[in-house]
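What follows is a single structure, written as structure tokens, with notes after it.
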Amino acid sequence: MDSRAKLISILSHLRDNISTPSDIVMRTGLPRYEVLGAFHVLEALGIVSIVHSRSNYKLYILSETGKKILETLLNGGTIEDLLNLEKEPEENTLTPHSEGSDTIPNKISENIEETAQT
């Protein structure tokens with residue numbers, strides 16, 4: 001399974017479910033270390049959100065940004081395509097665009113900056 005397929009698998013299992021990384025390991029058959037590593041990155045980028053945390057036990061759900069990314073990947077696109085659509089809203093017929101800092105590229109950039117500062 002290539003990296004893209006692994007990412008789609010992880011995000012798909014989180015789409016309408018609250019899950020732990022262990023749940024995703026069981027459902028996807030992916031190695032535990034890969035899933036845990038992916039969750040750290042996905043959380044830092046704001047693609048998944050923690051809904052409950054106690055010690056090392058965390059429950060995650062796919063964020064709105066994550067849902068848009070998953071939909072783009074499932075339609076054969078790339079994250080770069082999604083970023084380009086956000087830059088050119090008049091050509092974007094799939095996803096509504098709002099002006100301001102709530103666009104996906106801005107959210108990802110903000111999350112990267114916050115992670116770099118910590």
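Can you tell me which of LEU11, LEU70 is assigned by TED's automatic domain parsing to the domain that holds LEU82, part of a helix (DSSP H, G or I), crowded, with 16+ Cβ neighbours inside 10 Å and touching a strand residue (DSSP E or B) at 6+ places or on another chain (Cβ under 9 Å)?
Selected residue: LEU70, the only one of LEU11, LEU70 that is assigned by TED's automatic domain parsing to the domain that holds LEU82, part of a helix (DSSP H, G or I), crowded, with 16+ Cβ neighbours inside 10 Å and touching a strand residue (DSSP E or B) at 6+ places or on another chain (Cβ under 9 Å).
So, of the residues in region 48-67 that are more than 9 Å from the chain's Cα centre (by Cα) and of a type in the set (D, E, K, R), which turns out to be surrounded by the most Cβ atoms within 10 Å (Cβ to Cβ)?
Checking each candidate, the answer is LYS58.
Output the residues belonging to region 40-62 that are in contact (Cβ under 8 Å) with a residue 24 or more places away in the chain and assigned to a helix (DSSP H, G or I).
The answer is LEU42, ALA44.
Within region 20-39, how many residues turn out to be loosely packed, with under 12 Cβ neighbours inside 10 Å and outside any helix (DSSP H, G or I)?
Final tally of qualifying residues: 2.
Pull up region 73-96, narrow it to residues that are at pLDDT below 80 and in a loop (DSSP other than H, G, I, E, B), then point me to the one that is nearest to the chain's Cα centre (by Cα).
THR95
The values are calculated or read from the model by the stated rules, or taken from the named source; none is laboratory data. Bear in mind the structure is a predicted one, so any value in this text is a computation, not a measurement. Note: ideal-geometry Cβ built from the backbone for every residue, glycine included; neighbour counts use all protein chains shown.
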